[in-house]
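Novice: First the structure, which I've put down as structure tokens, then a few questions once you've had a look.
FYI, it's all coordinate maths here, none of it is from the lab. This is a predicted model, so every value here is computed, not measured. Cβ placement follows ideal geometry from the backbone for every residue including glycine, while neighbour counts extend to all protein chains displayed.
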Amino acid sequence: MEKKTKFWLSLVIFSLVGQVAWVVENMYLNVFIYKMFHASAQAISAMVSASAIAATVTTLFIGALSDKIGKRKLFICGGYILWGVSIWGFAAIRMDVINALLPSVVNAASVGVALVIILDCIMTFFGSSANDACFNAWLTDSTDETNRGAAEGVNAMMPLVAILVVFGGFMSCNQDLPETWTLIFGVIGSVVLLLGIAGFFLIDDTGVKAEENRSYLGNLLYGFRPSVIKENVSLYLTLAVLALFNISISIFMPYLILYYTESLGLSNYVLIFAPAIVVAAAFTALYGRVYDKKGFRAAVIPTLGLLMVGYVFLYFCRGTALVFVGSLIMMCGYLGTGAMLGAMVRDHTPAKKAGLFQGQRIIAQVLIPGIIGPAIGAAVLKNADTILNTDGTTSFIPNENIFLAAFAAGIVTWLVLIPLFRLVKKEN
């Protein structure tokens, strides 16, 4: 198999399967603890925040280590294998297991939520080592200005393709049954593990290493140096925009599936959601070429505008057809804007230093949004309506206000884009 073919094949399957695993972490675990342990919005927010912190710390340390060693492939493949094993662990967190092992516990549901959060952080360590730190650094090393937009377009569409694969693949399963979750975690964990093994034969290491005279601690702290920030103002300003954009996304995304199912009553939401995902993914894959041909400003303005229009639709609309239209517009804007910002970050990452800046990227993409976004969402849903469960407990019902808050965060994102446009124009 020629090198170019192996690159695109590795990009597609590692990005897709990695995002499938992140669907488990970012969306399915939210549904899991809501269905199995009646988790509150605050508990979901706490889980997302804890995972964001774990992802950031991991990416900082492992990104710098992979640059020091210069072997991305080992970290990617080994990380995927252990990532798969950790996903299997969620199958053991069940009410019947907790009650059998801890019969004296008064609130087994709270124990279940705590165990899920702890295992989520462990899983995030392996996933961030493999994907956030090393796969993303490998992708930066393997692309240049001629194909970065196209590659980022493919990479950016995978989160929604992964949602389609996961929710579509298990749509017929009754998510109120523990056995369903055993099946889900078993299948996804196995797929991730097997890909880690296959990666040893698919991935070509780039061989990029950090400067030999810099220590590991020097690598770790490199991206935080004032002199480095001053030399790479465009990169850090892009990261600021990326953080604000992802705060907007993180306000509603942890509650999106619950909003469709519990608030709108769309039991067949996958059949409605799936076409929107397919169209949005295709749009993003093709739209990445706009960045390569016309540049960042011309590419990002339309996609961010689409995102804002999608928020308006989802806030005001309840009917199935209009919810589909709003979801489609929102997802095109979400994936397209993410792809443009991702390509911009890669373009402004200094050559042969990709691993040194993965920590800064994950702070902007995961840590800050993962703490602030879900907290805003939980605050917005603090007084949301509740329903009574069969066991006497109550569960909250997400409402449309999460999209109003996301729209406000999108306005702030626009404001920070203005100085970035000016700086890029000046540099050019």
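Novice: Cross-link candidates for Lys73: which aspartates and glutamates have Cα within less than 20 Å, leaving aside residues fewer than 8 places away along the same chain?
Specialist: Of all the aspartates and glutamates, those that pass the test against Lys73 - Cα under 20 Å, at least 8 places apart if same chain - are Glu2, Asp132, Asp141, Asp144, Glu152, Asp204, Asp205, Glu211, Glu212.
Novice: Let me ask something else about it. Which net charge results when you count Lys and Arg as +1 and Asp and Glu as -1 among the other residues whose beta-carbon is under 13 Å from that of Leu286?
Specialist: Summing Lys and Arg as +1 and Asp and Glu as -1 gives 0.
Novice: Suppose every K and R has +1 on its Cβ and every D and E has -1 on its Cβ; what is the size of the dipole of segment 3-427 about the Cα centre, in Debye to the nearest 20?
Specialist: Roughly 1300 debye, rounded to the nearest 20.
Novice: If you find the alpha carbon centre of segment 322-370 and of segment 36-77, how far apart are they in angstrom?
Specialist: Computed from Cα coordinates, the inter-centre distance equals 16 Å.
Novice: Now a separate question. Give the span of segment 255-401's Cα atoms along each principal axis, as three whole-Å numbers ordered largest to smallest.
Specialist: Principal-axis extents of the Cα atoms in segment 255-401, largest first: 58, 33, 21 Å.
Novice: Can you pull out the chymotrypsin sites (Phe, Trp or Tyr not before Pro) in segment 101-181 whose DSSP state is coil and whose Cβ has at most 12 other Cβ atoms within 10 Å?
Specialist: none
Novice: With loop defined by DSSP as not H, G, I, E or B, and exposure as at most 16 other Cβ atoms within 10 Å, which is the longest segment of the chain clear of exposed GluC sites (Glu not before Pro)?
Specialist: Between exposed loop sites, the widest span is 213-428.
Novice: Can you bin segment 54-183 into rounded, prolate or oblate? Criterion: square roots of the alpha carbon gyration tensor eigenvalues sorted a ≥ b ≥ c, rounded for a/c under 1.5, prolate for a/b above b/c, oblate for the rest.
Specialist: The shape class here is oblate.
Novice: Once all Cα-Cα distances of segment 1-116 are split into 5 Å bins that start at 0, what whole-number percent is in each one?
Specialist: Each 5 Å bin holds this share of Cα pairs: 2, 9, 15, 18, 17, 13, 10, 7, 5, 3, 1, 0, 0.
Novice: At what distance in angstrom do the alpha carbon centres of segment 228-293 and segment 93-123 lie from each other?
Specialist: Using only Cα atoms to place each centre, the spacing works out to 32 Å.
Novice: Taking a ≥ b ≥ c as the square roots of the eigenvalues of the Cα gyration tensor of segment 266-321, is the shape rounded (a/c under 1.5), prolate (a/b larger than b/c) or oblate?
Specialist: Working: a/c = 5.48, a/b = 1.76, b/c = 3.11.
Oblate, since a/c reaches 1.5 and b/c is not below a/b.
Novice: While we're here: Using label points projected 7 Å from each Cα along Cα→Cβ, tell me how many nm separate Val233 and Lys425, to one decimal.
Specialist: 1.5
Novice: While we're here: Taking trypsin sites (Lys or Arg not before Pro) as candidate sites, keep only those in a DSSP loop with at most 13 other Cβ atoms within 10 Å, then name the longest stretch of the chain containing none of them.
Specialist: By the stated rule (loop sites, at most 13 other Cβ atoms within 10 Å), 1-317.
Novice: Let me ask another. For the chain, what ratio Rg/Rh do Cα atoms give with a Kirkwood hydrodynamic radius?
Specialist: Rg/Rh for the chain comes to 0.96.
Novice: While we're here: Quick check on the chain: helices-only [θ] at 222 nm, where DSSP H runs of length 4 and up contribute -39,500 (n - 2.57) each and the sum goes over total residues. Nearest 500, please.
Specialist: -24000 deg cm²/dmol
Novice: Counting only C-alpha contacts under 8 Å and six or more residues apart, can you give the relative contact order of the chain as a whole percent?
Specialist: Value for the chain: 28 percent.
Novice: Another question, then. In segment 301-317, whose amide N lies under 20 Å from the spot 7 Å out along Cα-to-Cβ of Leu286? List them in ranges.
Specialist: Under cut-off, by backbone N: 301-307, 310.
Novice: Oh, and also: Any idea which of Gly342, Gln19, Ile33 is furthest toward the positive side of the dipole for the chain, if Lys and Arg beta-carbons carry +1 and Asp and Glu beta-carbons -1?
Specialist: Final value for the positive-end residue is Gly342.
Novice: Shifting gears a bit: Kyte-Doolittle mean at least -1.0 and Cα extent at least 27 Å along the axis: which DSSP H helices of the chain qualify?
Specialist: TM-like helix candidates: 3-23, 41-69, 108-127, 148-169, 178-202, 233-252, 269-294, 296-316, 320-347, 401-427.
Novice: About its Cα centre, how strong a charge dipole does segment 310-428 have in debye, to the nearest 20, once Lys and Arg get +1 and Asp and Glu get -1 at the Cβ?
Specialist: Roughly 660 debye for segment 310-428.
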